[in-house]
Structures are given as structure tokens and as C-alpha cells.
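**Q** This structure is in C-alpha cells; I'll ask about it shortly.
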Amino acid sequence: MRVARPEFFCYYFAIMESEKTVYIIGHKNPDTDAVVSAVAYARLKNLLGFNNYKAARAGHLNPQTAYIFKKFDVPRPEYLPDLIPKVKYFMQYNVETVDKDVSVWESIVRMEKSENRVMPVVDKDGKYLSLLHYSGFAKGVLTILNPEKKHHFSTSINLIQKTLNAQPIFISGDADKNFNASIHVASSSVETFVKRLDAHASEDIVVIASDREEIHKICIEHKVKLLITTSGCVIKKELRELAEKNGVSVIVSPYSTSPTSMLIAYSMPVSTMGDKEIKTVRINDTVSKIKDILKDAHCKYLPVVDEENKVIGMISEHDLMKEPNIEVILVDHNEISQAVEGIEHYKLLEVIDHHRIGSIPTKNPITFINRPVGSTATQIAGLYKEFKIPIPKDIAPLLLCGILSDTLILQSATTTEVDREIAEYLSSITNLDIKELGNEILIAGSNVSGRDAGELVRQDLKEYTEGKVVYTVSQIEVGSTKEVLERKIDFLNELEIERRSRKALFSCLLVTDITTLSSLMLIECDSKFVQFITFPKTEENVYFLQGVVSRKKQLIPLITEQVLNYSK
């Protein structure tokens, strides 16, 4: 397949939604070629100016790949065990929070300015306490303003002053300290008002008064907690001196009595209005898990918190209706059965591969690069050259290892002249010897001694589909097949587990001897399929494959023919 021109890529990149993270990821149970190709391609994207592209891996590194990343001191790509829709792929980041001691009025003003429907209430360390939302706010204010109830609520002198935008005349004591305010409007006669003050003498009284001097004096003599004069009215100097002597705080509201009386209710700390029943969620919670929680939330919003209960975002029902904030590029595979679980939920942008074309449906046209070369790393290195981008010194060794691993040091039947040319180019710019490096990494990956049979079967397992038939092929490379044969029962048991769990026709393990460049195939299969296997049988469930070292180019075409014969 012809590779798209660099001009096309530049145009394609230009129309990308840069705010989304684009994961470049290989197949499940990734081999060296899949992992290094993802890392190298992500770096190329970054060098082209697109920093939202990130390398990822859909499984743990096998011993060979781990050895390579350690040898060349390159960070491992992010591990994504699955792409099942999670909170982090839909949530709102950089959400504004409000401190628990800020007034309700200031909080509502901030919500209006930022056009937020909700605002998390946090403590001084940023830890979540409750959620301020309009329905909860309305309910709280109605409770405070209920004429059948006494007007008592928690606030502080500073909160009242800020809410009213009032002018301080004298502030006594700790103005930030919260107290249970008993609110009184001095609108009655002097006699009635004095009786009311006497009746509430034990309370922290806040009086809202107009310009009535006799009321001012009575309030100060009764040592109320706070006197608020309205309409910009300032008390006389001699009364100010008496207020200081008696420890009575005095502020001047710029509003008349009626709006002052209404506004003061909003001076409560926002912590008193926050909805404490709203549950929190974590970034890795699945969408299916939080749907019922969202449904039960009055405001249809949920705070997203970290391990320390600090707010890191919000998620709403509306967010779940939007496109997720990630997109995907596949390298070294193009079959849905081999892709990371959950990939069908995201927009696929590109595929870069060198295997047969399988079934991976897409909703939109994509860039698809697939050439019959020995490794995907060959393709990626070629793209660097096409874009005229120098291959970074930490990336070039990885690409060389990817080629040498997938082609068995350029000896596999899949090896092409393009692979040899690219390998020589990478060898020259890295000053690494092809044979020496190739032998080193093959040995690093060929030691099976002491390793669990199940781990070996699954470290490089791929699932294939032919019509209605499903089967799996695993591959390991060894210096000798002796130990595998000695542990044959263990390997066959693990293959049978895979076959049954996937309802597959068969599961097989290709054991490639890197010294003889031939393989053994261990297989567990439906008894009806045995007669269709045409390879030479050496012992029960074991077949010899002379000169077969490539799963992709040699084994799969042969085994596919046998599956098709079985299906007839």
C-alpha cells in the first residue's frame, strides 16, 4: 500500500482537535516492535508540533522489550490496560472551587461570572466538602428567609461587611470568627425595640437600623454584636466612641433597609449551603459505574476527586453525551480482536501496520499505511525520513531493535530490502552493530527458565477470526526447545484455558528456535480439527515447522488454509 505524502499529513494534523489526547498504541500483549513503534511515532508527532500525541502500551513489557528500554534509558510508555469509557475521558478539568469560608453571595457572583452551574466547596487544603448548586442554594435561602422562623444563621462580621459592600466604622474583636447571628430590623417603636433586645440579650445580636439616632444609642448601650446603619448613614462621633468602649462593631450599608435585610442572609459561609449528599467519583471509575450515581444527584453533576479527596474536576450528564477527550492511532495491528479492550468507543485516526488486513470498522475515513515489510518500526523510521525530521538519538536505537526483533536479525522470511536499508541506516547513525545488538536482544527475550507457562503463552498472543471461527496464536523465541517440551503439559493446559475462554477452535504456541530458525507448534484444539493439520507431528499435540519463524508471513497463511478447509 502506498504511503501518504508528507503534505497530506501536515494538512491532516492541522485540522486535528489539539485539545484531545491522541494515544498511539500497539496490540494487546505487545511485542518489541509494537511498543517501540508507538514511542517513535509519538515522538515524530511531537517534533511536528503536536504535543497532544502520547505513546501507550496495551500490556506489560515482555523481558526483551523491558531490557531494551532499560539498556537505552528510555522511559516506558503509559500503560493502558483497557480503554473502557472512564470518567477521565469525559470530565471537565480546571474546575473552579470555592473556599468553605467564602460568603454565599460571593460564591453565587463567581458562579454567575464563570457561567458555572455548580461549584465544589473545599477546605483550606483543597479537599472536597460539599457542592454548591442552584437548587440546593434556593432551598437553603428559603429556609433562612422563612418568616415563620427566627432569623438565626452562622456568619462573621467580615462576611457581612463584604456581602453588603459596607463601610467599616469600628470593628471589635475577631471579625473573621463565625457566630450564630440573631438578625433584627429596628423598624418598631423604641419601647418595642428595647423589649425585643432584652428578650434576646443572651444572643449575638445584629441590628439593621436606618438613621434613627436613639436606636443607634440603644444598640450600643445594649452591647449588640453588630450595628448596621443603612443608606450610607454614619453614626455620630460620640456614639462611635461609646461603641469602641462597649465593643460594639459598626458598619455602614450603602443600601436602604429592605435590600440590606435581604442581602445579609447571603453572608453565610458557603459551607452552610453546600449539598453534602452529592457523592464523589474518581477519574478511573467507569462510566457505567457512575451513571446511576449521576441519575440520583439533584444537580446532575458529580465532583471528581483524587486519592487525597482533592477536587480535580467535574462530570455531568451532559459531559457523557459529548465526544470523549481522547482519540486513537493503532500501530503494528489492525484487527479489532487484537486491539486494546474498549477501543470501539473512540475515534480512530490512523493505522500503521505490516500485517494482513483484518476487520476494524471505522466511522470516518482514516489514514491507513500498510506495507509488506518486516516490522512496523521500518515504517516509522521511513516516515521520519519522508518528513525530513532527524531521528532523535534515544529513538533510533529503539527503532533498530524493533526491526531486528521482528525479523530475527534480518533472517526472517518477512525481511525485505527496505528493512535491510533502514536497519543499516539506523546502525550507522547509532554506531550499533546489527548482529551484536540483534543477538543481545534475542538472548534477552529467549530465556524461559523459571517463567510461568501462562505468562509465556500470553506475552505475545494474538486472536484471529476467519468467518465464524476464532483461534489464537502465541509465539515465543528460545535458544533451545528442550525446556518447553519438558514442560509441555503446563503449556498445553494454558492453551486449553485460552481456547475455552474465547470459545476458539484452537489455541497454539509457536516456539521458535533462534539457533536453527525453525519452530515447534504446541496446540490444543477441537478434536474435529486435528485431521486438518498438515504439519509433521513429532508427538501428541506437537508439530514441527521446518524453516518457519514468522507467525505473520509463514504460519498464519498456512493455518488459515487449514481453518478454511475445516469450515467447508
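The values are calculated or read from the model by the stated rules, or taken from the named source; none is laboratory data. The shown structure was predicted, so the numbers you read here are calculated from the model rather than taken from an experiment. Cβ atoms come from the backbone with ideal geometry, glycine included; neighbour counts cover every protein chain shown. Keep in mind that these areas ignore ligands, DNA and RNA; they rest on the heavy atoms of the full protein, side chains included. Shrake-Rupley method; radii C 1.70, N 1.55, O 1.52, S 1.80 Å.
**Q** Those residues that are among the charged types (D, E, K, R), within 20 Å of residue 553 (Cα to Cα) and part of a loop (DSSP other than H, G, I, E, B), I need them from the stretch 347-385; list them, please.
**A** 356, 371
**Q** Continuing with this model, one more query. Just one of (1) assigned to a helix (DSSP H, G or I); (2) surrounded by 21 or more Cβ atoms within 10 Å (Cβ to Cβ); (3) in contact (Cβ under 8 Å) with a residue 24 or more places away in the chain trips up residue 250, so point out which.
**A** That leaves (1) as the condition not met.
**Q** A follow-up question, please. Say whether the condition of being free of Cβ contacts under 8 Å to residues at least 60 places away in the same chain, out of contact with any Pro (no Cβ under 6 Å at 6 or more places or on another chain), part of a helix (DSSP H, G or I) and not small (Gly, Ala, Ser) is met by at least one residue in the stretch 326-335.
**A** The answer is no, given that none of the residues of the stretch 326-335 is free of Cβ contacts under 8 Å to residues at least 60 places away in the same chain, out of contact with any Pro (no Cβ under 6 Å at 6 or more places or on another chain), part of a helix (DSSP H, G or I) and not small (Gly, Ala, Ser).
**Q** Continuing with the same structure: Of everything in the stretch 274-321, what is in contact (Cβ under 8 Å) with a residue 12 or more places away in the chain, closer than 17 Å to residue 342 by Cα and of a type outside the set (Val, Ile, Thr)? Give them in sequence order.
**A** Once the filter is applied, which keeps residues that are in contact (Cβ under 8 Å) with a residue 12 or more places away in the chain, closer than 17 Å to residue 342 by Cα and of a type outside the set (Val, Ile, Thr), the stretch 274-321 yields 284, 285, 288, 320.
**Q** Still on this structure, please answer the following. For the stretch 539-548, state whether one or more residues are of a type in the set (Ser, Thr, Tyr), in contact (Cβ under 8 Å) with a residue 60 or more places away in the chain and open to solvent by less than 40 Å² (accessible area, probe 1.4 Å).
**A** no
**Q** Going through the stretch 171-189 one residue at a time, which ones are within 14 Å of residue 220 (Cα to Cα) and open to solvent by 40 Å² or more (accessible area, probe 1.4 Å)?
**A** Residue satisfying the conditions is 171 alone.
**Q** Is there any pair linking a residue in the stretch 66-81 that is farther than 16 Å from residue 437 by Cα to one that is outside any loop (DSSP other than H, G, I, E, B) and open to solvent by 40 Å² or more (accessible area, probe 1.4 Å), with Cβ under 9 Å and at least six apart or on different chains, and which?
**A** 77/54; 78/54
**Q** Take the residues in the stretch 281-295 that are in a loop (DSSP other than H, G, I, E, B) and open to solvent by 60 Å² or more (accessible area, probe 1.4 Å), then tell me which one is nearest to residue 309 (Cα to Cα).
**A** Ranking the qualifying residues of the stretch 281-295, first place goes to 282.
**Q** Out of contact with any helix residue (DSSP H, G or I) (no Cβ under 7 Å at 6 or more places or on another chain), open to solvent by 20 Å² or more (accessible area, probe 1.4 Å) and either of a type in the set (S, T, N, Q) or under 30 Å from residue 358 (Cβ atoms) (or both): does that describe residue 258?
**A** yes
**Q** Then there is this: Give me the residue from the stretch 35-57 that is among the basic types (Lys, Arg) and over 12 Å from residue 329 (Cβ atoms) and, out of that set, most open to solvent (accessible area, probe 1.4 Å).
**A** By that ranking, first place goes to 43.
**Q** Quick check on residue 303: is it open to solvent by 40 Å² or more (accessible area, probe 1.4 Å) and over 27 Å from residue 60 (Cα atoms)?
**A** So residue 303 fails the test.
**Q** Which of the residues spanning the stretch 58-99 are closer than 30 Å to residue 116 by Cα, open to solvent by 20 Å² or more (accessible area, probe 1.4 Å) and part of a loop (DSSP other than H, G, I, E, B)?
**A** If the condition is that a residue be closer than 30 Å to residue 116 by Cα, open to solvent by 20 Å² or more (accessible area, probe 1.4 Å) and part of a loop (DSSP other than H, G, I, E, B), then 84, 85, 90, 93, 94, 95, 96, 97 are the ones that fit.
**Q** Let me ask something additional. Tell me which of these residue 496 doesn't satisfy, since it passes every other one: (1) in contact with a strand residue (DSSP E or B) (Cβ under 6 Å, 6 or more places away or on another chain); (2) of a type outside the set (Lys, Arg); (3) buried (at least 21 other Cβ atoms within 10 Å of the Cβ).
**A** (3)
**Q** Could I ask something else about it? Can you tell me which of (1) aromatic (Phe, Trp, Tyr); (2) modelled with pLDDT of 90 or more; (3) surrounded by fewer than 19 Cβ atoms within 10 Å (Cβ to Cβ) is the one residue 134 doesn't meet?
**A** Residue 134 satisfies all of (1) aromatic (Phe, Trp, Tyr); (2) modelled with pLDDT of 90 or more; (3) surrounded by fewer than 19 Cβ atoms within 10 Å (Cβ to Cβ) except (2).
**Q** For the subset of the stretch 407-444 comprising residues that are acidic (Asp, Glu) and open to solvent by 40 Å² or more (accessible area, probe 1.4 Å), which member is nearest to residue 71 (Cα to Cα)?
**A** 440
**Q** Within the stretch 426-449, which residues are of a type in the set (D, E, K, R) and assigned to a loop (DSSP other than H, G, I, E, B)?
**A** The one that is of a type in the set (D, E, K, R) and assigned to a loop (DSSP other than H, G, I, E, B): 433.
**Q** Can you name the residue in the stretch 445-465 that is buried (at least 20 other Cβ atoms within 10 Å of the Cβ) and among the hydrophobic types (A, V, I, L, M, F, W, C) and, of all such residues, is modelled with the lowest pLDDT?
**A** 448
**Q** Restricting to the stretch 389-425, name every residue that is in contact (Cβ under 8 Å) with a residue 60 or more places away in the chain, among the charged types (D, E, K, R) and assigned to a loop (DSSP other than H, G, I, E, B).
**A** Correct list: 394 only.
**Q** Something else: So which pairs qualify, if the first residue must be in the stretch 39-51 and closer than 16 Å to residue 388 by Cβ, the second must be at pLDDT below 95, the Cβ gap must be under 7 Å, and the two must be at least 6 apart or on different chains?
**A** So the pair list comes out as 48/13.
**Q** Same structure again: Only helices (runs of 4 or more DSSP H) wholly contained in the stretch 461-568 count here; list those with 1 or more residues that are under 21 Å from residue 410 (Cβ atoms).
**A** 556-567
**Q** Here's a follow-up. Please tell me if residue 329 is touching a helix residue (DSSP H, G or I) at 6+ places or on another chain (Cβ under 8 Å), modelled with pLDDT of 95 or more and β-branched (Val, Ile, Thr).
**A** Here the answer is yes, as residue 329 does meet what is asked.
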